[in-house]
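Here the structure comes first, spelled out in structure tokens, and everything after it is commentary.
Rule-based calculations on the coordinates, nothing more; no lab input. Just so we're clear, the structure is a prediction, and the values are computed from it rather than from any experiment. For neighbour counting, all protein chains shown are included, and Cβ atoms are generated from backbone atoms with ideal geometry for every residue, glycine included.
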Amino acid sequence: MFLSVSSAHPTPVLMKHLLLALLLVSFSSLSVFADSPSKIASDYRKQALQAVSRLNQSLEKAVTPLITKLVSSGDTAGAEQLSAQVKSKLAGAAVPSPHASALQLFSLYDEARAKALEPVQKSSIARIDSMLKSAAGSKLETVSELGKVRAEIEAGTVSSRLTPPVVPQFWTYHMQLADTNSLANIELKPDGQFTMSNAQPGKWTQSKINDVITISFSDNTSWTMTLNGDGTAMLDRPDTGRRYMRVAGGGKR
């Protein structure tokens with residue numbers, strides 16, 4: 001007796017509003033439950049790479065003549081240093097002491113890069129906050145993974161690869177990149193163990209920068225290995241300075 005004819009038989013307009021409300025609830029629920037730390041990280045990496053791709057191309061184009069000039073003047077060490085610094089810049093890593101020839105260029109790049117990444121970072125962090133407020137946010141493992149993803153996003157890390165490269169297991173060790181005689185044999189074991197024929201054992205970890213590997217030792221010292229992408233690598237040691245590595249015997253695991 002309390003129902004009118006119109007309420008007992010909803011009009012098309014009322015049905016439309018009800019359907020819209022249901023759809024909104026469904027989409028909001030799906031967006032929360034379908035999201036995951038890995039999906040947020042994957043989406044961020046793709047969007048961030050797209051956001052800075054043109055900037056990266058411009059930086060590489062501007063730096064190439066500087067590196068060529070250093071090589072032409074015989075400053076091979078300076079050319080290698082600048083090449084490594086450009087790789088770090090493109091990945092979003094800090095360059096504490098930029099090469100003098102690229103100081104202003106790096107500064108302009110940093111400013112433009114930060115502006116390009118800002119909207120991508122904001123939207124990605126908003127998704128993390130939404131997950132933390134959802135039921136998934138009560139799971140310790142999920143919260144831990146979200147923390148790692150947030151750290152990557154806030155650091156502005158961007159890689160030209162969406163997944164880290166496969167690291168060869170066996171390497172030779174050299175004073176100069178052009179040297180053919182190996183001074184030692186190095187193994188980066190699949191379980192993270194590092195061994196070298198004339199040094200103490202340690203542990204190696206591949207960073208989110210992808211081309212950079214950190215080798216840590218029990219005495220709290222560490223070496224930094226930078227993959228060149230051509231079967232060679234630079235190894236920066238605090239005790240001896242820069243050395244070089246070459247993939248040995250195909251480098252297969």
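Miscellaneous remarks
- Interchain or long-range residues, amide H under 5 Å from Asn185's placed H: Ser197, Asn198
- With an a/c value of 1.5 or above and a/b larger than b/c for the gyration tensor axes a ≥ b ≥ c computed over the alpha-carbon atoms, region 33-134 is described as prolate.
- Classified by the C-alpha gyration tensor, region 175-226 has an oblate form. Its axis ratio a/c, with a ≥ b ≥ c, is 1.5 or above, and a/b does not exceed b/c.
- Phi to ³J(HN,Hα) by Karplus 6.51 cos²θ - 1.76 cosθ + 1.60 over region 83-98, Hz, x for Gly, Pro: 4, 5, 5, 5, 4, 5, 4, 4, 8, x, 7, 6, 10, x, 10, x
- Around Lys203: net Lys/Arg minus Asp/Glu count, Cβ-Cβ under 11 Å: 0
- Computed packing ranks the peptides 226-238, 176-188 as 226-238, 176-188, most packed first, by mean other Cβ atoms within 10 Å.
- Measuring nothing but how far apart in sequence close Cα pairs (under 8 Å, 6+ apart) lie, relative to its length, region 77-153 scores a relative contact order of 20 percent.
- C-alpha center-to-center spacing [region 105-165, region 65-84] in angstrom: 34
- Ranking of Thr157, Thr240 by count of other Cβ atoms within 10 Å, fewest first: Thr240, Thr157
- Per-pair calculated FRET efficiency, R0 = 30 Å: Lys189 and Ser42 via Cβ, rounded to 0.05: 0.60
- Here each label is just a point 7 Å from Cα along the line to Cβ, and for Ala178 and Thr68 those points are 2.1 nm apart.
- Overall form of region 64-194: oblate. Here a/c, set by the Cα gyration tensor axes a ≥ b ≥ c, is 1.5 or more, and a/b is not larger than b/c.
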